[in-house]
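Student: Submitted below is the structure of interest, expressed as structure tokens.
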Amino acid sequence: MLGTRTLVAGVGAGVVAASVALVAAGQTAAAAPGKVRAEPIVVAHRGASAYRPEHTLAAYELAIRQGADYIEPDLVPTKDGVLVARHENALGGTTDVADRPEFAALRKTKTIDGFTTTDWFTEDFTFAQLRTLRAKERIPATRPANQAFDGQERIPTFDEVVRLAKKHGVGVYPETKHPTYFASIGLPFEKPLLKTLKDHGLTKRNSKVFIQSFEPGILQRLDRQTDVRLVLLLNGSGQPYDFTVSGDKRTYADLATRDGLRWTARFADGIGPATSWIIPLDAQGRTRPATTLVKDAHRAGLTVVPWTFRPENSFLPADFRAGNPDSPVFARAQGDAAGWLRLLLAQGIDGIFADDPALATAIVD
């Protein structure tokens, strides 16, 4: 497993930017469940999170109906080592834990990856305790309609997400959250993550699995233990936290250079950059000319699947927003999301993380 990992999917193929109609909220796209494109792929970011509270089975199921090729569970462990799907180990913003007096004593202040937060954390809950919580919409001001589904869904396990994906023939694209922190408290990811994949027969290189992380260290360790494809995520700024701990001075900007990409290709199969590494924005939030990142990554043998495609004005570059900026609903109104995604696709990306898999699939198709 050591050394440069070989590329499975082809890279750099042209993309036909056909005109498409926007897909109505909640409707299925033309793609059938389980459909897999060679490229670009659509990865349902936390499920169909534009329509349902994120990281719930309902969000993943809707994403599959909308034509996603992969569903993405961010993973964090419970106190007893069960991997569950949450974007963060902090629970206050995505569950009803604040309304549960029996868990009031578990609210704590912690410093995780250099940031101090007061909240409830998955690692302080047994799985049985966590299972009693119910999910809620994380950004209700932006997605008020999703609040209609608050309280309906439990926090799913990684095992449940994989079972759902296999049932419908789609892939899984798990992310390990805060691996250095969790290893430091005796809850490393590697064993439970790989065991779940093994239990479902997803251990081969051609399995529909990509494991991703913002920290190179865990990917290097996994590279010695699995043939499953690995992806290094590139944040828009700063440096990997495991580099901070080890004293490595390299930043994400360094890893986005040609030398950094060649180094990454020693243990990973792809990168997941913030879109700003591909299409930078100026001080006013407007798009600037594209970088050479996609071409450079392809030359290094790495696929490129950036994050995150979201349809609301508040998440779009300024030159793709639509409507009256003075309107009270401007931030959550949909802009020219199709135009923005077409611009990204024109750079030769191999896929996209999307909160709205229906729209993304329609544009890619």
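Just so you know, all these numbers are worked out from the coordinates, no wet-lab data involved. Quick caveat: nothing in here was measured; it's all calculated off a predicted structure. Heads up, the Cβs are rebuilt from the backbone with ideal geometry, glycines too, and the neighbour counts pull from every protein chain shown.
Student: With part of a helix (DSSP H, G or I) and more than 17 Å from the chain's Cα centre (by Cα) as the only criterion, which of L187, L193, L222, L202 stands out?
Tutor: Exactly one of L187, L193, L222, L202 is part of a helix (DSSP H, G or I) and more than 17 Å from the chain's Cα centre (by Cα), namely L222.
Student: Of all residues in the range 302-316, which are surrounded by 16 or more Cβ atoms within 10 Å (Cβ to Cβ), of a type outside the set (V, I, T) and under 20 Å from R143 (Cβ atoms)?
Tutor: Selection gives W307, F309, R310, P311, E312, N313, F315, L316.
Student: Quick one: which of F353, F330 is aromatic (F, W, Y) and not in a loop (DSSP other than H, G, I, E, B)?
Tutor: Working: F330 fails: not in a loop (DSSP other than H, G, I, E, B).
Result: F353 is the single residue among F353, F330 that is aromatic (F, W, Y) and not in a loop (DSSP other than H, G, I, E, B).
Student: Here's a follow-up. Among the residues of the range 344-365, count how many are surrounded by fewer than 19 Cβ atoms within 10 Å (Cβ to Cβ) and hydrophobic (A, V, I, L, M, F, W, C).
Tutor: The total comes to 1.
Student: How many residues are out of contact with any Leu (no Cβ under 8 Å at 6 or more places or on another chain) and assigned to a loop (DSSP other than H, G, I, E, B) when one looks only at the range 298-318?
Tutor: Adding up the residues that qualify gives 3.
Student: Here's a follow-up. Within the range 147-166, is even one residue surrounded by fewer than 20 Cβ atoms within 10 Å (Cβ to Cβ), in contact with a strand residue (DSSP E or B) (Cβ under 6 Å, 6 or more places away or on another chain) and either part of a helix (DSSP H, G or I) or of a type in the set (V, I, T) (or both)?
Tutor: Scanning the range 147-166 turns up no residue that is surrounded by fewer than 20 Cβ atoms within 10 Å (Cβ to Cβ), in contact with a strand residue (DSSP E or B) (Cβ under 6 Å, 6 or more places away or on another chain) and either part of a helix (DSSP H, G or I) or of a type in the set (V, I, T) (or both).
Student: Restricting the range 118-134 to residues that are touching an Asp or Glu at 6+ places or on another chain (Cβ under 9 Å), surrounded by fewer than 17 Cβ atoms within 10 Å (Cβ to Cβ) and touching a residue at least 24 places away in the same chain (Cβ under 8 Å), which is farthest from I155 (Cα to Cα)?
Tutor: T126
Student: Working carefully through the options G323, G348, G339, find the one that is more than 20 Å from the chain's Cα centre (by Cα), outside any strand (DSSP E or B) and at positive phi. If you could, list the steps in order and put the result at the bottom.
Tutor: Values: G348 fails: more than 20 Å from the chain's Cα centre (by Cα); G339 fails: at positive phi.
Just one listed residue meets the conditions, G323.
Student: I need the full set of residues from the range 223-255 which are touching a residue at least 40 places away in the same chain (Cβ under 8 Å) and buried (at least 17 other Cβ atoms within 10 Å of the Cβ), in order please.
Tutor: Once the filter is applied, which keeps residues that are touching a residue at least 40 places away in the same chain (Cβ under 8 Å) and buried (at least 17 other Cβ atoms within 10 Å of the Cβ), the range 223-255 yields D223, T226, R229, L230, V231, L232, L233, L234, Y241, D242.
Student: Got a number for residues in the range 167-178 being out of contact with any Gly (no Cβ under 7 Å at 6 or more places or on another chain) and in a helix (DSSP H, G or I)?
Tutor: Just the residues of the range 167-178 that are out of contact with any Gly (no Cβ under 7 Å at 6 or more places or on another chain), to begin with: 167, 171-178.
Next cut, in a helix (DSSP H, G or I) only: 167.
The number of residues fulfilling the criteria is 1.
Student: Can I ask one more? Of the residues T95, T126, only one is more than 21 Å from the chain's Cα centre (by Cα) and closer than 30 Å to V245 by Cβ; which?
Tutor: After ruling out the rest, the residue left standing is T126.
Student: While we're on this one: What number of residues within the range 82-107 satisfy the criterion of being in contact (Cβ under 8 Å) with a residue 60 or more places away in the chain and in contact with an Asp or Glu (Cβ under 7 Å, 6 or more places away or on another chain)?
Tutor: Count: 4.
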